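The values are calculated or read from the model by the stated rules, or taken from the named source; none is laboratory data. Small disclaimer: the values here were computed from a predicted structure and weren't measured. Note that we place each Cβ from the backbone using ideal geometry, even for glycine, and neighbour counts take in every protein chain shown. Only protein heavy atoms, including side chains, enter the accessible area calculation; ligands, DNA and RNA are left aside. Shrake-Rupley method; radii C 1.70, N 1.55, O 1.52, S 1.80 Å.
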Amino acid sequence: MNHNTDLAHISVMPNEVVEQLGFAPAGVFVDGTTGCRAGHAKAILSRLPQASQVICMDRDPEAIKSCQSVLAEFTGRYTAVNRGYEELASVIAELGITDVSGVNLDLGVSSDQLSSERGFSFRKGQPLDMRFNPEGGDLSAAEVIANIDQKELAKQLWELAEVPAAERLAKRMKEASRQGLMETTDDLVAVCNEVLGPRIRKISSATLPFQALRIMVNRELERLDSFLESAPGLLAKGGRIAILSFHSVEDRMVKFAFRRLAETGDFKMPFRKAMKPSREEILSNRRSRSAKLRVLERCN
């Protein structure tokens, strides 16, 4: 994860996403993770004439506010909705839409979120929050640590981010939480440094625990699983879903879900191996280096 929060957010693989969605028929398109800069949504609106309407979804209320000024030139062609992509079926039903032609998800964290004051990065003195939507009913990272069982915390740290010494770190995190010393990003960084040392595998020792906590706080795997269950059935014939993942667990979930659907004969994967960013893109946007793009198309 890139924690240089001075960099402006640049959408990952926009050309590849638009190219793959360009094979879909005319109709309603969805950017399920629009973000503050609305990079993929803007590319779809600019370059896909068959996108008669684009539904711009995001759980983060700040992203929804910001994206509307970015997309001002497309007023009338898009609808901004402050909901998570896992709620796509409900959203299109409420809008009176029966099916969609294309859906894009970017499962990464944006530079705008990393530079916010919600504890996504190592910026000093931030509350240990990490919620994409602070008003959505989820527990903050500090509350998750306080409430979760120590063994379960260790299990999640290992499974979600392969954090070394996960059991020792979980034990120390729980102790610090009970002492009231797990309320800020500084508190978490201090505990990670104490247990793991300042660096692991050439990165800050707090990077992987931060990643695991963010996934836990926002229930990212549960939400993705829900989307993968419901969204393919919402596609029109010839419609496509394009998903960018940056995390091995998420990529495996997408890969296996798409392969299972392709085996039914009602769907196909236009390419079997994940598409990766070009060397040029990686050099110009370090955030793209771990990206994998997978696409599913409805045949029947």
Any helices (runs of 4 or more DSSP H) falling wholly within region 57-116 and containing at least 1 residues that are open to solvent by 40 Å² or more (accessible area, probe 1.4 Å) and modelled with pLDDT under 95: 61-70
Scope region 200-232; condition out of contact with any Asp or Glu (no Cβ under 7 Å at 6 or more places or on another chain), within 22 Å of Ala257 (Cβ to Cβ), of a type in the set (Gly, Ala, Ser) and open to solvent by 10 Å² or more (accessible area, probe 1.4 Å); matching residues: Ser230
Matching entry among Glu220, Glu297, Glu250 (being acidic (Asp, Glu) and in contact with a strand residue (DSSP E or B) (Cβ under 7 Å, 6 or more places away or on another chain)): Glu297
Residue match in region 233-255 (condition: open to solvent by less than 30 Å² (accessible area, probe 1.4 Å), under 28 Å from Gly32 (Cα atoms) and of a type in the set (Lys, Arg)): yes
Test set (1) surrounded by fewer than 19 Cβ atoms within 10 Å (Cβ to Cβ); (2) outside any helix (DSSP H, G or I); (3) hydrophobic (A, V, I, L, M, F, W, C) - Val54 fails condition number: (1)
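Here's the yes/no breakdown for (1) small (Gly, Ala, Ser); (2) over 29 Å from Leu95 (Cβ atoms); (3) touching a Gly at 6+ places or on another chain (Cβ under 7 Å):
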| residue | (1), (2), (3) |
| --- | --- |
| Ser204 | yes, yes, no |
| Gly233 | yes, no, no |
| Glu250 | no, no, no |
| Leu261 | no, no, no |
| Asn285 | no, yes, no |
Region 175-186, subset more than 18 Å from Ala154 (Cα to Cα) and in contact (Cβ under 8 Å) with a residue 40 or more places away in the chain, residue most open to solvent (accessible area, probe 1.4 Å): Glu183
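Yes or no, residue by residue, for (1) more than 25 Å from the chain's Cα centre (by Cα); (2) touching a residue at least 24 places away in the same chain (Cβ under 8 Å):
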residue	(1), (2)
Gly136	no, yes
Glu143	no, no
Asp149	yes, no
Glu162	no, yes
Of all residues making up region 258-283, the number that are touching a residue at least 12 places away in the same chain (Cβ under 8 Å) and either of a type in the set (Ser, Thr, Tyr) or touching a His at 6+ places or on another chain (Cβ under 8 Å) (or both): 0
Residue in region 240-256 that is part of a helix (DSSP H, G or I), touching a residue at least 24 places away in the same chain (Cβ under 8 Å) and either within 26 Å of Thr184 (Cα to Cα) or more than 14 Å from the chain's Cα centre (by Cα) (or both) present: yes
